[in-house]
Amino acid sequence: MGNIFSADIRRRSPWLWVPSLYFAEGIPYMIVNTVSILIFKQLGMSNAMLAFFTSFLMFPWVIKPLWTPLLDMYWLKKRWIMLTQFTMGICFAVAAFVMPLTFATQLLLLIFMLLAFFSATHDAAADGFYILGLEQDQQAFFTGVRSTFYRISMIAAQGGVVLLAGIVQESTGLQPLQFELTRAQYESFEPMQFANDDIVIELERGRGNIHKSASECEFALTSYNESPSEARLDAVNAPGNALLVKVFLKHKLSGSEQRQLALVHSGSKSFGLSYADRLVFTAENQHMPQLAIITPAGIADDVSPAVFKVQSGNFILAWSVALGAVALLYLLLPVYHAFALPAEERYSGRINSAKEFYREFGSAFVTFFTKKGIVSALLFILFYRFAEAQLLKLGTAFLIDYPEYGGLGLSNSSYGVIYGIFGVISLTAGGILGGWALSKQGLRFWMLPMALALNLPDAVYVYLATVLPDGLLPVTLSIIVEQFGYGFGFASYMLFMIFVAEDSGKYATSHYAIMTGLMAVGIMIPGSFSGIIYSEGCNESYPKFFWWVMCATLVSFVVTLIAMRRVPKSFGRAAHGEQ
């Protein structure tokens, strides 16, 4: 195994490269599959489109087994590692550069797809280098090290990168402007104006017929906000029972600079607020107001004031800085690994031609899909996370969505701390406890309890979406519970795949790679249609959607009961044998 390396391998401690290699694995994966949700949401992508496209970004990990064996045939794994890290650095740099551009959303989708391809290739090269570069006793010892540093990279991506973006966004924000409105003021309404050094707000009664088509009002207002003009402003004809909010920007913009403001609502539930989450000003339209509408809600006897607040922050600059920092890291990593990684003396592959490779590859597929009990195994691999896959996309959107749309309205900073730090630590703790539990009683004993642990904590999102609690403590505790359950419940999923691959002989690695691709399919497909379920099936109601997720957990329990029947009672214990 170690004979493909020079004597240099014996002089270099794995501590020099194992931690950095697996730290480098996690960040691109988390940014492409999780942090991208925050970016696209702030760029204005709808939940349906967001769920579909960010799920589709997993596709390179799905088809990774189709090309990664070629890394054994051509070039050295060390060079593949350095090349993919460098190309990922370039991709992050380009992503930071395109953030201010008009077609940033479309360009970022393309860049993140390239990032996903390079990241999947890097994962395969790094795993191969780990297996070939360490003796078996070293592999066992450093398994915990690689897992730990992968988890640290998750904290760095979901916590550090998002927190950096949040800090930059908050530090570049304008002075917020707040006003209050009671039902009594609304009933005897007179035009109002509020102002500070950066923002002016004017409130006026709608001039239109209360029976005017809502779709006509929506079209006129959204058309105006997207491309303000005097003619379009005159065409905005809000219903007579509504208040038209005009937000003016006094802060001067130049060149390609833009500001995105948001009008948020708290306090009394006697009013509703529409079209207020993306008030975008550019150098071309800064002389025109952005518009929102306040409408009376059903709680007419509520005497408490509703609080409206215009807040801002240069989220474009914030994400450019955050992605630029990641780019710098990945441009420096190959420089470090050029010296830290041991040198390979020759190519590590045993396959001499593409024809031989595809023949072996075909054999691996045939032997996998003809294994005894493969149907129950496939059902478990594809559907164990059926509900969780849908929650992954819309759960993140819910946490950052504005309260007017039923979300919690977390800032990037709050999300980075709650989900990226507390959540990942809780996930890791759940995974460690899950591994320990499996080693004591075995896989079959824990499969159903772990399915319960994976799925039942999803109910915290039903609670959060229904109650919309004030303060960060209830949100933090809910995420800790949900992520701990996910980490604990996921442990049986990974051990089950090892069980399926254990009797695969020379194809054990290929069969495991096929299952990791199917695992990605089990996330990609349910995640892609979760946005449609939210928008069409649940009428864009977060509580309804999360109740649907709870119903979908039944699929996980069914496939678990089917799959666990073929697992020996003793499999997974520290010392196991067939029973």
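The values are calculated or read from the model by the stated rules, or taken from the named source; none is laboratory data. Just so you know, these numbers come straight off a predicted model, no measurement behind them. Backbone-built Cβ (ideal geometry, glycine too); neighbour counts: all protein chains shown.
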Per the filter on the stretch 430-466, residues within 25 Å of the chain's Cα centre (by Cα), within 26 Å of residue 546 (Cβ to Cβ) and among the hydrophobic types (A, V, I, L, M, F, W, C) are 433, 450, 451, 452, 453, 454, 456, 459, 460, 462, 464, 465
Residue within the stretch 95-104 that is in a helix (DSSP H, G or I), farther than 24 Å from residue 326 by Cα and at pLDDT below 95 present: no
Looking at the stretch 476-496, is at least one residue without any contact (Cβ under 8 Å) to a residue 40 or more places away in the chain, touching an Asp or Glu at 6+ places or on another chain (Cβ under 6 Å) and in the same structural domain as residue 419 (by TED's automatic domain parsing)? no
Please identify the pairs in which a residue from the stretch 378-406 that is part of a helix (DSSP H, G or I) has its Cβ atom under 8 Å from the Cβ atom of a residue that is surrounded by fewer than 19 Cβ atoms within 10 Å (Cβ to Cβ) and charged (D, E, K, R), counting only partners at least 6 apart or on another chain. 405/540
Would you point out which residue out of 433, 456, 473, 438 is free of Cβ contacts under 8 Å to residues at least 40 places away in the same chain, on the phi < 0 side of the Ramachandran plot and of a type outside the set (Phe, Trp, Tyr)? 473
Restricting attention to the stretch 440-460, does a residue exist that is in the same structural domain as residue 572 (by TED's automatic domain parsing), touching a His at 6+ places or on another chain (Cβ under 8 Å) and either surrounded by 21 or more Cβ atoms within 10 Å (Cβ to Cβ) or modelled with pLDDT under 90 (or both)? yes
Restricting attention to the stretch 257-307, and to residues there that are in a loop (DSSP other than H, G, I, E, B) and among the hydroxyl-bearing types (Ser, Thr, Tyr), which single residue is nearest to residue 201 (Cα to Cα)? 275
How do the pairs read when you match residues in the stretch 529-550 that are under 20 Å from residue 482 (Cβ atoms) with residues anywhere that are in a helix (DSSP H, G or I) and β-branched (Val, Ile, Thr), using Cβ under 8 Å and keeping only pairs 6 or more apart or on different chains? 543/462; 543/466; 545/533; 546/462; 547/462; 548/533; 550/462
